[in-house]
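Below is a structure I'd like to ask you about.
Please treat every number below as a calculation from the coordinates, not as lab data. Everything numeric here is computed off the predicted structure, so don't read it as measured data. Please note: Cβ atoms are built from the backbone with ideal geometry, for glycine as well, and neighbour counts cover all protein chains shown.
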């Protein structure tokens, strides 16, 4: 114990007192890892390059030329059955042709649904349909609500 046994005893007691909260804190991460595990079970949105995404802030709808894309996405639901969010559909009017066209923005509500079972395509469940509902204006000739199949 050295030259000062009282100091050594106080140091040991302090170390023991600190160890109790640390051991409790080290057990706490099991809850977040359980949440992470659940999140990995939620379906993903597969992008044009085949990469899985959860809650992206942008998404290209027209994979061939990117003339229609979703931007400024904010998701308020993402679970095993569906994902729902809001954003803007930026659409090229292709007038007089796509390379010279202008992009126009339309606010939309976005819904992803019809998830697959795990193991198909990406090895994870993924949504197979996207539905856009235009909330203020829409591209010429487009219905207020439109659905598309998703890659996967």
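At 7 Å along Cα-to-Cβ for each site, give me the label-to-label distance between residue 103 and residue 72 in nm.
Each label point lies 7 Å from its Cα, and together they span 1.2 nm.
In Å, what Rg and Dmax follow from the Cα atoms of region 107-151?
Computed over the Cα atoms of region 107-151, radius of gyration and Dmax are 13.1, 39 Å.
Treat the count of other C-beta atoms within 10 Å as a stand-in for reagent exposure and order 69, 77, 129 from fewest to most.
On the way: 69 19, 77 11, 129 14.
Ranked by crowding around the Cβ, least crowded first: 77, 129, 69.
How high is the relative contact order of region 43-149? Use alpha-carbon pairs under 8 Å, at least six apart in sequence, and give a whole percent. Don't jump to the answer; show the numbers that get you there.
On the way: 236 pairs, mean separation 21.8, N = 107.
In percent, rounded to a whole number, it is 20.
Going by how many other Cβ atoms sit within 10 Å of their own, how do 146, 60 line up, fewest first?
Arranged by neighbour count, lowest to highest, 146, 60 become 146, 60.
Could you state the principal axis extents of the C-alpha atoms in region 43-149, from the largest down, to the nearest angstrom?
Answer, in whole Å and largest first: 44, 26, 21 Å.
Ranked highest first by average number of other Cβ atoms within 10 Å, how do 130-143, 92-105 line up?
On the way: 130-143: 14.0, 92-105: 12.1.
Descending mean neighbour count gives 130-143, 92-105.
Would you list 71, 44 from fewest to most Cβ contacts within 10 Å? Display every interim value, and only then the final one.
Values: 71 14, 44 25.
The order, fewest Cβ neighbours first, is 71, 44.
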